[in-house]
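Read through the structure below, which is laid out as structure tokens, and then see the notes.
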Amino acid sequence: MITMAEQKMATTPQKKYELPPLPYAPDALEPHISKEQLSLHHDKHHQAYVTGANANIEKLEKARQEGAEVDMKALLKELSFNIGGHVLHTLFWPTMAPAGKGGGGAPTGAIAERINQEWGSFDRFKAEFTKAAASAEGSGWAALAYDAMTDRLVIMQVEKHNTNVYPTFPLLMVLDVWEHAYYVDYKNNRAGFIDAFWNVVNWETVNKRLADL
């Protein structure tokens, strides 16, 4: 027997994931990231994760309403992949800003102090983060995260969107090193894209995320 709560759940429109707008114009990161590259990455690839996550949720809801069987292991793995992609990309866009307009250069403020405390210098941190990004297996990410248990900053490699993640560690800075992030501008030259990232990293955003912990 279907309860009133279940009937309400089945008939009430549920919120869906939405593609956030870019926080700057598509050509704002040139020459480091072209308008074509950024537009394809945001409008096509990020949108695909949003669309996929919504489709996964709809499939789950339909199965609940109809009492249908689903391959739960496969569906939840796909949902994790799509939600992870959406969350990481949503963090990625504000992690960058136009060079000379908030993007690039050495960090300042609290994040600079934290980096110096953990790595001794920004140059050492930059080198370690660059290696993490360059050596991420296949498709993945490099991230700067905060470990509340030790009150330390840590560098994290994320495989795909959803594996090798440290649970509950807030992400302060993320760099997408899937080929779709750079294939138009840099072909298969991941290292060139990573170098370009340092010209547009938005330390103001990173500082704000640190302050919001």
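Considering only residues that are in contact (Cβ under 8 Å) with a residue 40 or more places away in the chain, among the hydrophobic types (A, V, I, L, M, F, W, C) and part of a strand (DSSP E or B), which ones fall in the stretch 144-176?
Of all residues in the stretch 144-176, those in contact (Cβ under 8 Å) with a residue 40 or more places away in the chain come to 144, 146, 148, 158, 160-162, 165, 170-176.
Now drop any that are not among the hydrophobic types (A, V, I, L, M, F, W, C), which leaves 144, 148, 158, 165, 171-175.
Across the stretch 144-176, the qualifying residues are L144, V158, L171, L172, M173, V174, L175.
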Item checked: Hits in the stretch 177-213 - residues which are aliphatic (A, V, I, L, M), in a loop (DSSP other than H, G, I, E, B) and in contact with a Lys or Arg (Cβ under 9 Å, 6 or more places away or on another chain) -> V177
Checklist line | Pick from the stretch 114-137, criterion among the small types (G, A, S) and over 20 Å from the mean Cα position of the chain (by Cα), ranking: farthest from G104 (Cα to Cα) | finding: G120
Checklist line | Residue that is within 23 Å of Y183 (Cβ to Cβ) and either in a helix (DSSP H, G or I) or modelled with pLDDT under 95 (or both), where the choices are A127, A110, A132 | finding: A132
Next item on the list: Would you mind finding the one in L76, L19, L88, L29 that is surrounded by 13 or more Cβ atoms within 10 Å (Cβ to Cβ), more than 29 Å from F193 (Cα to Cα) and either at pLDDT 95 or above or not hydroxyl-bearing (S, T, Y) (or both)?
Entry: L76
Next item on the list: Please name all residue pairs, on different chains or six or more residues apart, with Cβ atoms under 8 Å, provided the first residue is in the stretch 61-73 and is over 18 Å from K15 (Cα atoms) and the second residue is among the small types (G, A, S) and surrounded by 10 or more Cβ atoms within 10 Å (Cβ to Cβ).
Entry: E69/A63; V70/A63
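Can you find even one residue in the stretch 65-77 that is within 18 Å of the chain's Cα centre (by Cα), charged (D, E, K, R) and farther than 27 Å from K208 by Cα?
So the first thing to find is which residues in the stretch 65-77 are within 18 Å of the chain's Cα centre (by Cα), and the list is 77.
Keeping just the survivors that are charged (D, E, K, R) gives 77.
Subset that is farther than 27 Å from K208 by Cα: 77.
Yes; the residues of the stretch 65-77 include at least one that is within 18 Å of the chain's Cα centre (by Cα), charged (D, E, K, R) and farther than 27 Å from K208 by Cα.
For the stretch 138-146, indicate whether the set of residues that are over 21 Å from H42 (Cβ atoms), hydroxyl-bearing (S, T, Y) and either surrounded by 13 or more Cβ atoms within 10 Å (Cβ to Cβ) or under 15 Å from the mean Cα position of the chain (by Cα) (or both) is non-empty. Let's see the steps before the verdict.
At the first step, the residues of the stretch 138-146 found to be over 21 Å from H42 (Cβ atoms) are 138, 144-146.
Narrowing the set further to residues that are hydroxyl-bearing (S, T, Y) leaves 146.
In the following step, the residues that additionally are either surrounded by 13 or more Cβ atoms within 10 Å (Cβ to Cβ) or under 15 Å from the mean Cα position of the chain (by Cα) (or both) were identified as 146.
The answer is yes, given that some residue of the stretch 138-146 is over 21 Å from H42 (Cβ atoms), hydroxyl-bearing (S, T, Y) and either surrounded by 13 or more Cβ atoms within 10 Å (Cβ to Cβ) or under 15 Å from the mean Cα position of the chain (by Cα) (or both).
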Next item on the list: Run H41 past the list (1) closer than 25 Å to V177 by Cα; (2) surrounded by fewer than 13 Cβ atoms within 10 Å (Cβ to Cβ) and report the number of the one that doesn't hold.
Entry: (2)
Check: Just checking, which of N82, N54 is modelled with pLDDT of 95 or more, surrounded by 15 or more Cβ atoms within 10 Å (Cβ to Cβ) and more than 30 Å from F193 (Cα to Cα)?
Finding: N54
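The values are calculated or read from the model by the stated rules, or taken from the named source; none is laboratory data. The structure displayed is predicted, hence computed values, not measured ones. Ideal geometry is used to build each Cβ from the backbone, glycine not excepted, and the neighbour counts take in all protein chains shown.
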